[in-house]
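What follows is a short report on a single structure.
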Amino acid sequence: MRRTRRGAIAVLFGAAVVAGALVGAVPALPVLVAQMPTIAPAAETVAVSADAASCPSGAEPVGSDAPARTYADGGIAGTSTADLRAFAVRFNEIRTQHCLEPIPAENFAWSECLEDRLVWMAEDPSTDPLSAWGHEGTPRSDGAPSEGCDGNLAGGADNTGATVAQKWWQSLPHRTSLYRPGEDVGGACIAFAMTHGGLPDEPSSFARAAARWTDC
């Protein structure tokens, strides 16, 4: 049985979510969550602001690794090193395109706790992919107790680490929680996890992801 761990998460107020993403900003504000769009295919990775041309852009190599665990007799694949590195590179590309200091490459890390929650969602036996999707307190169709810890959520068909990084930037509450424009990056780490597939018969192309800004 996986251990459940909880941690402090940023408070978000107001702001509507940009259409087209399966997203959930933390914590779960009832009105905000009720307005959130849900599962969507991956959006194209594009420049998201006119200021991008005036800021330096670049991708610092990321050396972080993830264990690529499997669950449910191989029906669910956990975070791979490729997932983590694609997310980290795109995350910092977006920051530098918008004149924000990048997060040090070594400060991106796979989170077992976030992955535990994504797996808990993916193991829901319901054929509805939205069943169990959400923040702490969201029930699962079979009543299984919640596992893992909360984070910013994104996902859908054909999503990658790079596309979820883009979705979180395009959603103002998630940008506030995860990118934190104007905040000092000293001592900041970004925790990330991603799963592929789910029960009872979700394809491996269907992904769920979670991330959070935390202290190193």
key: Looking only at the stretch 100-158, and only at residues there that are among the aliphatic types (A, V, I, L, M) and within 30 Å of GLY182 (Cβ to Cβ), the one that is modelled with the lowest pLDDT   = ALA105
Verdict on THR79 being outside any helix (DSSP H, G or I), surrounded by 18 or more Cβ atoms within 10 Å (Cβ to Cβ), of a type outside the set (Asp, Glu) and modelled with pLDDT of 95 or more = yes
ask   = Are any residues in the stretch 102-126 closer than 21 Å to GLY74 by Cβ, touching a strand residue (DSSP E or B) at 6+ places or on another chain (Cβ under 9 Å) and either surrounded by fewer than 18 Cβ atoms within 10 Å (Cβ to Cβ) or aromatic (Phe, Trp, Tyr) (or both), and if so, which ones?
value = TRP110
ask   = Between residues in the stretch 109-134 that are within 12 Å of PHE206 (Cβ to Cβ) and residues that are part of a loop (DSSP other than H, G, I, E, B) and among the aromatic types (Phe, Trp, Tyr), which pairs lie under 9 Å by C-beta distance while being six or more apart or on different chains?
value = MET121/TRP133
request  = Among the residues of the stretch 105-131, write down those that are within 18 Å of the chain's Cα centre (by Cα) and among the β-branched types (Val, Ile, Thr).
outcome  = VAL119
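The values are calculated or read from the model by the stated rules, or taken from the named source; none is laboratory data. This structure is a prediction, so every number in the text was calculated from the model and none was measured. Backbone-built Cβ (ideal geometry, glycine too); neighbour counts: all protein chains shown.
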